[in-house]
Structure formats: C-alpha cells, structure tokens
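**Student:** Got a structure for you, questions after.
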Amino acid sequence: MKPSHLSMRPLHCLMLAVAVWPVCTLAQQPAAQHLSGSPDGFYDQTETRRSPGSLVLFNQIQEQQRELKELRGGIEELRHALEKLRRQSQKRYLDLDQRLANTTGAGAAASQEASTTSETSANEASAPDAQAKSDAAGQSDRPAQSSQAADKQAQKAYQTAFAHVQAREFDQAITAFQQFVSDYPDTRLTPNGYYWLGELYAAGDQLDAADQAFTRVIEQHTQSSKMPDAMYKLGLMKARQGNIERSRELLEQVQQDYPQSSAAGLASDYLRQSAD
C-alpha cells in the first residue's frame with residue numbers, strides 16, 4: 001500500500017498548483033487595470049498635466065505681435081503722409097513769400113526812385129547858380145545811393161537765407177536769418193526774416209522761440225504784409241502751448257483785421273474744426 005500512497009503525492013501537488021494559480025492571477029489584475037484602464041492611470045495623468053494654457057498664451061503672443069506689426073506699419077504711413085503735407089504746405093508758403101517779396105521789392109524801388117527824383121528837382125530849383133545846383137544834387141544823391149546799396153545788400157542776405165529754406169537746410173536757414181535780422185534790423189524785409197525764424201523754430205518744436213519771433217512781427221512791424229500770417233501762426237503757437245483762450249483771441253483778430261487775407265481763411269477753418 002505504501003507505493004500507491006507515494007504515487008498520489010505528485011497528483012496532490014498538481015491540484016494545489018491549479019487551485020493557487022487563479023488566486024495569483026486575480027491578485028495581479030488590479031495593478032494592470034491601474035496602469036491602463038483606470039481613469040486615474042499614468043497615461044491619463046500625463047495627458048492631464050499637458051494644460052492647454054500654454055497653447056493659448058502662445059496664440060495670444062502671436063496675435064499681439066501681428067497687431068504690433070500692423071500698428072508700426074500704420075505709424076509709418078501716417079508719418080509719410082504728414083511729411084508730404086508738410087512739404088506741400090512749406091512749398092505754398094515759399095511761393096507766396098517769394099511773390100510778396102518780389103512785389104514789395106518792385107514797389108519799394110519805384111518809390112525810392114520817385115523820392116530821389118523829386119528831391120533832386122527841388123534842390124535844382126532852389127540853387128542860385130549852376131555850381132550850387134551841381135553840389136546840391138551830388139549831396140542829395142549820396143544818401144539815396146547809400147540807401148539803395150543797403151537795400152541791395154539786405155535783399156541779397158535775405159535771398160541767401162531763404163535759399164536754405166528752399167533747400168530744406170533748416171539749421172543753416174535759422175543761422176542765416178538770425179544774422180540777417182541782426183545786420184538789417186530796419187528794412188522792408190526785416191519782418192519777413194522774423195516771420196521765417198518763427199516758422200523754422202515752430203518746425204523744430206522750439207515753441208517759445210517761435211512765439212517770440214511772431215510776436216516781434218506783430219508788435220514792431222505792424223505795416224508789414226506778414227502781419228496777418230504772423231498773427232495766425234502765433235495763434236497756433238498759443239494753442240500748442242496750451243493757451244487756448246489767447247489762441248482764439250489772435251485767430252479772431254486775424255478775421256476782423258484782415259478779412260480778405262488767406263490767413264483769415266485759415267483761421268476760420270481752424271476755429272471751426274476746433275469747435276467740432
């Protein structure tokens with residue numbers, strides 16, 4: 001009977017192994033589910049950590065960069081348009097100033113010639129003899145000739161300064177006009193020199209200096225043809241300086257005192273736009 005009992009032992013071992021194997025399999029099953037099938041699994045947690053916020057932020061940065069590029073392009077276009085308008089405005093002023101200078105120069109020359117002729121005739125009529133008449137005529141001609149020479153020198157200096165404006169050499173123009181008004185403080189072109197100093201200072205945002213130059217024309221050269229233009233530009237300077245009340249007073253004064261001038265029309269347009 002012992003041999004048969006020993007032969008049954010392998011059979012019992014086999015049955016025990018078969019019984020234990022499902023238990024081991026079931027014990028291992030939750031670990032497999034935890035890694036793959038569970039909502040809290042490793043891969044799902046990894047996906048959860050990949051937040052969409054970084055992608056949104058990247059898109060926002062890209063959009064802002066695009067908008068910034070468009071704004072820069074718009075600024076360049078506006079700058080180009082402003083420069084074009086400034087050149088057109090400057091050209092109109094240059095042409096107008098040149099025409100006024102030519103007209104004024106012709107009138108002054110004719111007036112000077114008439115004055116000289118009249119003065120010479122009077123001296124000739126009152127002289128007692130031929131020698132006295134010759135001496136009197138020579139003495140009266142000297143101041144006239146001296147005045148004409150000074151006018152020619154002033155005209156040349158003014159044209160030299162004005163040529164710098166036409167060539168857009170603004171720094172040189174300022175220096176030349178400063179020298180002009182210093183050398184020729186009391187000529188028919190002196191107020192024109194101060195006016196263009198005001199224009200040049202204003203173009204360089206030197207508002208106080210522009211204010212002083214335009215004020216010089218208004219206060220000391222009231223008979224100048226530059227009066228309405230200087231008054232209008234001074235009104236604009238006051239507006240840029242923040243003195244709105246004084247600006248309106250000057251612009252309204254241009255309309256009242258010089259209603260037929262181009263400056264009066266510009267003043268009306270500015271006041272109307274300011275009111276809107």
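**Student:** What does the charge count around G235 come to, taking other residues whose C-beta lies under 9 Å from its C-beta (Lys +1, Arg +1, Asp -1, Glu -1)?
**Tutor:** Around G235, the charge tally is +2.
**Student:** The stretch 221-270: percent of C-alpha pairs farther apart than 15 Å?
**Tutor:** The proportion of pairs with Cα distances above 15 Å equals 35 percent.
**Student:** Quick check: net charge around Q255, other residues with Cβ under 15 Å of its Cβ, Lys/Arg +1 and Asp/Glu -1?
**Tutor:** Residues near Q255 contribute -2 overall.
**Student:** Taking the highest mean first, how do the peptides 62-68, 250-256 order by number of other beta carbon atoms within 10 angstrom per residue?
**Tutor:** Ranking the peptides 62-68, 250-256 by packing returns 250-256, 62-68.
**Student:** Going 7 Å from the Cα of Q256 toward and past its Cβ, which residues in the stretch 217-233 have a backbone nitrogen under 15 Å from where you end up?
**Tutor:** 232
**Student:** Calculate the FRET efficiency for S182 and A203 from the Cβ-Cβ distance with a Förster distance of 25 Å, rounded to the nearest 0.05.
**Tutor:** The calculated FRET efficiency here is 0.75.
Since every read-out is calculated from the coordinates, none of them should be taken as a lab result. These figures come from a predicted structure and were not determined experimentally. In this analysis, Cβ positions are derived from the backbone assuming ideal geometry, glycine residues included, and neighbour counts consider all displayed protein chains.
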